[in-house]
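Bear in mind these aren't lab numbers, they're just calculated from the coordinates by the rules spelled out. Computed from a prediction, not measured in an experiment: that's the story for all the values here. As a convention, Cβ positions derive from the backbone with ideal geometry for all residues, glycine included, and neighbour counts pool all protein chains shown.
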């Protein structure tokens, strides 16, 4: 994994390698160098399998992170490329032409995180949510409880107990 | 391969953005929804078909009928609170969620699960694989009108559920593989009862082989149908039996051995024709291989020793900042968990990589073009997709 990182560093301005296991490493790539790095890994280094593409919301740092995980079956190694960009400029180049299956990931990321991938097929079609009118729900600043209280009614007759008080009453009904 | 290179002049023209120019008002095309409530659909999803006569010219997969937001839920739960909910992500084969979650947490927190626990984990994962394949075989036969196979495999699956029940206390959601190890060892007399179950499953599989795989209708409708070109494997992220039936021996158990698979003797089952029949046959043979693996595991596993590592206090358990990806070979292909931690007591992000995510979306949409409406169910089932792992 270190040898691969050194080879890549000669070509692209990559960050430090985080070696999680001997066969798994993560490295940060500037957004502008993502596509050439992916192409190089796919065509020259044998990392042909796009395992997943997902996002992480670093709300405190005001950043989104996209993780592109690639796998090389012949060496049994995986490399994760991290791309970080500001939450206000949530868009990234589409890679559906490199791996057609990436279009599905990008469609989901647009719906769940609000990250745009211009040019990706069927990007604006609803994937899971229907008629969603709030901020994208997988963002850290989306409050699930508040949304549920505002949009769904409680079942009639439902009671809510404070667990601590309820158990005290059940276990010590006399208040002992 | 001729099946997937149709004469496109017969079909709607493509617009500039690559989508098809389908004029429904012309009466030449018809929209047909297969699912979400349709016997030929696997679980809660639907396929929006555009047909011309009996032929499908376009298919779009729709999910969202089962979205429960597990990935979001887990961000608000402590590491141990996530453990009992992960198994619910995939109903027919829940144990891989438990294993991948536990292994990812262990990887980031530097915990090593004991050897005996690893053997127990391998045992339960292979048992789950048999269950999943038995369910698949019933569905695959049922999609082509062979209803009796489903009854036989459900019987065999029920026997395995009994073994799960005596081992874990539960039949479907076992909640057995927790971070650090497993909950318990084997009950007394388990080996003998498991051997009886395996023999019964082998006997059932012999009947399934005779009745399903030698059936003229089944062969007629599956041989040469639904071919996955080996060149598509990387493009569409195809893994598991779908890839092995195309002649590529992709198997995480062999490529990146986890748990105790280095100590077991097996060779990935492969096929070559890559059609529905071959995929069914690869799964049937893989099931029999799992029967053999269970026998090997029971013969080799240590019977004493710790089942769980020394764990920190579950209430105050914090994991340093980091990220990892852990995978296993489930009955449908590569199952993986991408876990990100930020030093707090909660996961920052959990992403579940289910094989159906790629198989049932981009791959199915490509394969469904140019087949007959009546073959859609057989094709879809042959990819062995479980919608819960698409939408988590």
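Hey, if you drop one equal point scatterer on each alpha-carbon of the range A:2-154 and run the Debye formula without solvent, what base-10 log of I(q)/I(0) do you get at q = 0.09, 0.10, 0.12, 0.21 Å⁻¹? Taken in order of the listed q values, log10 I(q)/I(0) reads -0.33, -0.40, -0.56, -1.36. Here the range A:7-60 is described by how far its Cα atoms reach on the three principal axes: 37, 24, 19 Å, from widest to narrowest. The distance between label points at residue A:9 and residue A:164 comes to 5.1 nm (points 7 Å beyond Cα on the Cα→Cβ vector). Binning all Cα-Cα separations of chain B at 20 Å, short to long from zero, yields these whole-percent fractions: 27, 55, 17, 1.
P(r) tail for the protein assembly as shown, what percent of Cα pairs lie past 39 Å? Present the calculation step by step, with values, prior to reporting the outcome.
Numbers: 46756 of 161028 pairs.
In whole percent, the long-distance tail amounts to 29.
Which percent, to the nearest 5, of DSSP beta bridges fully inside the protein assembly as shown are antiparallel? DSSP beta bridges in the protein assembly as shown are roughly 90 percent antiparallel. Considering chain A as a Gaussian network with a 10 Å cut-off on Cα pairs, which listed residue, A:81, A:39, A:69, attains the greatest mean-square fluctuation? In the Gaussian network model the winner is A:39.
Highest GNM mean-square fluctuation among A:87, A:42, A:21, for chain A modelled with Cα contacts below 10 Å: A:21. Distance from the Cα centroid of the range B:322-392 to that of the range B:44-71 is 15 Å (rounded to whole angstrom).
Once the Cβ-Cβ distance of residue A:140 and residue B:300 is raised to the sixth power relative to R0 = 41 Å, the FRET efficiency obtained is 0.35.
Here's the picture: a label point sits 7 Å out from the Cα of residue A:44 along the beta-carbon direction, and within the range A:62-86 the residues with their amide nitrogen under 20 Å of it are A:68-83.
Taking a virtual spin label 7 Å from the Cα of residue B:309 along the C-beta vector, which residues in the range B:92-116 bring their backbone nitrogen under 17 Å of it? Those under the cut-off are B:98-116. Sorting B:341, B:153 by the number of Cβ atoms found within 10 Å of their own Cβ, with the fewest placed first, yields B:341, B:153.
Can you tell me the FRET efficiency between residue B:52 and residue B:151 if r is taken as the Cβ-Cβ distance and R0 is 45 Å, rounded to the nearest 0.05?
Working: r = 37 Å, r/R0 = 0.81.
Efficiency at R0 = 45 Å is approximately 0.75.
Its DSSP H runs of at least 4 residues, each contributing -39,500 (n - 2.57), put the calculated 222 nm mean residue ellipticity of chain A at -8000 deg cm²/dmol, to the nearest 500. For the residues B:190, B:79, B:164, a GNM of chain B with alpha-carbon springs under 10 Å puts the largest fluctuation on B:190.
Taken as Cα centroids, the range B:79-137 and the range A:1-48 sit 30 Å apart, rounded to the nearest whole angstrom. If the segment from residue B:200 to residue B:291 were pulled out straight at 0.36 nm per residue, it would be longer than the present Cα-Cα gap by 31.7 nm. Applying 1/(1 + (r/R0)^6) with R0 = 25 Å to the Cβ-Cβ distance of residue A:74 and residue B:81 gives a FRET efficiency near 0.05.
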